[in-house]
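Here's the structure, in structure tokens; my notes come after.
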Amino acid sequence: MPKKIKLGILGGGGDSLIGIVHRIAAFMNDNYEIVGGVFNPDKNVSIEFAKHIDIPTNRIYATVEELVAAENELPEEERMQVVSILTPNFLHFPMAKTLLENGFNVICEKPMTTSYEEAKEIAALQEKGGAVFALTHTYTGYPMVRQMREMIRSGAIGDIHKVDVQYYQGWINPLIHDEASRKATWRLDPEKSGISCCVGDIGVHAFNLVEYTTGLEIKEVLSDFNFLYDDNVMDVDANILVRLDKHVKGIVRSSQIATAEENNIVLSIYGKEGGLKWEQENPNYLYLLKEGQPMQVLKPGHGYNSQFSLEGTKVPPGHPEGLFDAMANIYLGVAKAVRGETYHDGAFPTVTDGLRGMNFIEATVESNAKGNVWVALDSQQ
């Protein structure tokens, strides 16, 4: 087996929700070893966290700049090969920029940056340096989402004419109604979160799923945001009409005030010959709809699935796979790219997906601010 890839992590310490997802995902396919990083702005806290997860403390740094300088002093076979960015949104751009300028491969949480202009700069740096850059749109790692993508590409549902995706959560609902609580939440602070809360956090996932599975670009958006309170400047709910290629239209719905909802993603793609539906809270089931026929239920691990879907399936049919597995499939794709191995198109979201995502976020904000008008996105095809 090849030597494990040396992984550094920025953020994700303490009680971070996403930190443990990344660490477990990195271990799942035996491709990575965590060798250090910056888990917290306080280096002493980072050191204590390193001890907690049982990794050496000699490569725990105070800043990303210190990490880059120290790692580049090490022999090539010892230094970090990939660095994951798991910090709040406003730190994604400066950290990714520093890493790319110094030749490090990057795995970054979404959104890639807090502005479209920053995203363009990251894309240019990645293209110039040639480093591997992956954006963790985690849901693209689910085997049945990959199966959906391959079935659409093979013509299983014919020409697409309707898309409908929702991403409903309720986690902000207990906070938004108390003035002190909503002012204390970093997701509702534009200085830390960027220009959008709901769309920037979860709506962009829904957008990405549409483009990932259909292979089509969303060309124009018309959005209607809900801020709920006059003193709250960040969206917590968004309904977005979309126009895609080839006369395809649809809707992207996202909400963080869908009371008591957990992580309710439903992706529905309808074509001339049939439809496909997938639900994140029941990720092992992909529903195929055909006129005049019983609904079919496809599950991972079976021979009728595409090779791409099967490559992301780790256990025999009937064993549930979830978020950790999906993230692990993205880390697996990055590992293959870093080693120069062949990997499937769509094995991990790229810098282009990050660029598209920021374009989408800004376009929806502009559409709402101008009184719910159509706003065009740039084309990357």
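The values are calculated or read from the model by the stated rules, or taken from the named source; none is laboratory data. Model, not experiment: these values are computed from the prediction. Here the Cβ positions follow ideal geometry from the backbone for every residue, glycine too, while neighbour counts run over all protein chains shown.
Quick check: anything in segment 22-34 among the aliphatic types (A, V, I, L, M) and in contact with a Gly (Cβ under 7 Å, 6 or more places away or on another chain)?
Of the residues in segment 22-34, the ones among the aliphatic types (A, V, I, L, M) are 24-26, 28, 34.
Then drop every residue that is not in contact with a Gly (Cβ under 7 Å, 6 or more places away or on another chain), which leaves none.
No, segment 22-34 contains no residue that is among the aliphatic types (A, V, I, L, M) and in contact with a Gly (Cβ under 7 Å, 6 or more places away or on another chain).
Kindly check whether there is at least one residue in segment 140-161 that is β-branched (Val, Ile, Thr), in a loop (DSSP other than H, G, I, E, B) and within 23 Å of Ile240 (Cα to Cα). Spell out the reasoning first.
First, pick out the residues of segment 140-161 that are β-branched (Val, Ile, Thr): 140, 145, 152, 157, 160.
Keeping just the survivors that are in a loop (DSSP other than H, G, I, E, B) gives 157.
Next, from what is left, pick out any that are within 23 Å of Ile240 (Cα to Cα): none.
No, segment 140-161 has no match at all.
I'd like to know if segment 236-243 contains one or more residues that are on the phi > 0 side of the Ramachandran plot, modelled with pLDDT of 95 or more and either surrounded by fewer than 23 Cβ atoms within 10 Å (Cβ to Cβ) or not assigned by TED's automatic domain parsing to the domain that holds Gln280 (or both).
No, the conditions are met nowhere in segment 236-243.
Among the residues in segment 70-79, are any surrounded by 23 or more Cβ atoms within 10 Å (Cβ to Cβ) and in contact with a helix residue (DSSP H, G or I) (Cβ under 9 Å, 6 or more places away or on another chain)?
Scanning segment 70-79 turns up no residue that is surrounded by 23 or more Cβ atoms within 10 Å (Cβ to Cβ) and in contact with a helix residue (DSSP H, G or I) (Cβ under 9 Å, 6 or more places away or on another chain).
Can you tell me which residue in segment 300-312 is surrounded by the most Cβ atoms within 10 Å (Cβ to Cβ), limited to those that are in a loop (DSSP other than H, G, I, E, B) and of a type outside the set (Gly, Ala, Ser)? Even if it seems obvious, please write down each step before you answer.
First pass over segment 300-312, keeping only residues in a loop (DSSP other than H, G, I, E, B): 300-306, 312.
If we keep only those that are of a type outside the set (Gly, Ala, Ser) as well, we get 300, 302, 304-305.
Numbers: Pro300: 27, His302: 14, Tyr304: 10, Asn305: 23.
Only one residue fits best here, namely Pro300.
Taking Ile55 as meeting all but one of (1) buried (at least 16 other Cβ atoms within 10 Å of the Cβ); (2) in contact (Cβ under 8 Å) with a residue 24 or more places away in the chain, write down the number of the exception.
(2) is the only condition that Ile55 fails.
Within segment 3-52, work out how many residues are exposed (fewer than 14 other Cβ atoms within 10 Å of the Cβ), closer than 18 Å to Glu78 by Cα and among the aliphatic types (A, V, I, L, M).
0
Sort out which residues of segment 279-288 are more than 17 Å from the chain's Cα centre (by Cα) and part of a strand (DSSP E or B), and write them in order of number. Before you say what the answer is, go through the steps one by one.
The first filter runs over segment 279-288 and keeps only residues more than 17 Å from the chain's Cα centre (by Cα), leaving 282, 284-288.
The answer is Leu286, Tyr287, Leu288.
Could you identify the single residue in Val248, Val210 that is crowded, with 18+ Cβ neighbours inside 10 Å, touching a residue at least 40 places away in the same chain (Cβ under 8 Å), out of contact with any Leu (no Cβ under 7 Å at 6 or more places or on another chain) and not small (Gly, Ala, Ser)?
Numbers: Val248 fails: out of contact with any Leu (no Cβ under 7 Å at 6 or more places or on another chain).
Answer to the check: Val210.
For the condition at pLDDT below 95, surrounded by fewer than 23 Cβ atoms within 10 Å (Cβ to Cβ) and of a type in the set (Val, Ile, Thr), what is the one hit in Val373, Val297, Val315? Don't jump to the end; show me each part of the working.
Values: Val373 fails: at pLDDT below 95; Val297 fails: at pLDDT below 95.
One residue alone meets the criteria, Val315.
Taking Gly170 and the conditions (1) under 21 Å from Pro349 (Cα atoms); (2) among the small types (Gly, Ala, Ser); (3) surrounded by fewer than 21 Cβ atoms within 10 Å (Cβ to Cβ), which numbered condition does it fall short on, given that it satisfies the others?
For Gly170, the failing item is (1).
For segment 361-380, indicate whether the set of residues that are touching a residue at least 24 places away in the same chain (Cβ under 8 Å) and in a strand (DSSP E or B) is non-empty. Show your work before the answer.
If we filter segment 361-380 for residues that are touching a residue at least 24 places away in the same chain (Cβ under 8 Å), which is where we start, we get 361-365, 367-368, 372-377, 379-380.
Those still in the list that are in a strand (DSSP E or B) too: 375-376.
Yes, that holds for at least one residue.
With within 20 Å of Asn226 (Cα to Cα) and surrounded by 15 or more Cβ atoms within 10 Å (Cβ to Cβ) as the only criterion, which of Arg146, Arg187 stands out? Walk me through how you get there before you give the answer.
On the way: Arg146 fails: within 20 Å of Asn226 (Cα to Cα).
Result: Arg187 is the single residue among Arg146, Arg187 that is within 20 Å of Asn226 (Cα to Cα) and surrounded by 15 or more Cβ atoms within 10 Å (Cβ to Cβ).
What number of residues in segment 99-124 are crowded, with 18+ Cβ neighbours inside 10 Å and either over 28 Å from Glu191 (Cα atoms) or not charged (D, E, K, R) (or both)? Can you show your working first?
Let us first name the residues in segment 99-124 that are crowded, with 18+ Cβ neighbours inside 10 Å, namely 99-100, 104-114, 116, 118-119, 122-123.
Then keep just the ones that are either over 28 Å from Glu191 (Cα atoms) or not charged (D, E, K, R) (or both); that gives 99-100, 104-108, 111-114, 116, 119, 122-123.
Residues flagged as crowded, with 18+ Cβ neighbours inside 10 Å and either over 28 Å from Glu191 (Cα atoms) or not charged (D, E, K, R) (or both) within segment 99-124 amount to 15.
Might you let me know whether segment 293-311 holds any residue that is under 25 Å from Asp159 (Cα atoms), not hydroxyl-bearing (Ser, Thr, Tyr) and not assigned by TED's automatic domain parsing to the domain that holds Ala238?
Within segment 293-311, not a single residue is under 25 Å from Asp159 (Cα atoms), not hydroxyl-bearing (Ser, Thr, Tyr) and not assigned by TED's automatic domain parsing to the domain that holds Ala238.
Counting only residues that are assigned to a helix (DSSP H, G or I) and charged (D, E, K, R), which one in segment 313-344 is farthest from Ala131 (Cα to Cα)? If you could, list the steps in order and put the result at the bottom.
Step one: list which residues in segment 313-344 are assigned to a helix (DSSP H, G or I), which gives 323-338.
After this cut, where a residue has to be charged (D, E, K, R) as well, the list is 325, 336.
Values: Asp325: 25, Lys336: 13 Å.
Checked segment 313-344; the qualifying residue farthest from Ala131 (Cα to Cα) is Asp325.
Give me the pairs, please: first residue somewhere in segment 1-22 and within 21 Å of Val132 (Cα to Cα), second residue anywhere and among the polar types (S, T, N, Q) and surrounded by 16 or more Cβ atoms within 10 Å (Cβ to Cβ), beta-carbon distance under 6 Å, and either six or more positions apart or on two chains.
From segment 1-22, the pairs are Ile5/Asn31; Ile5/Gln81; Lys6/Gln81; Ile9/Ser84; Leu10/Thr87; Gly11/Thr87; His22/Ser84.
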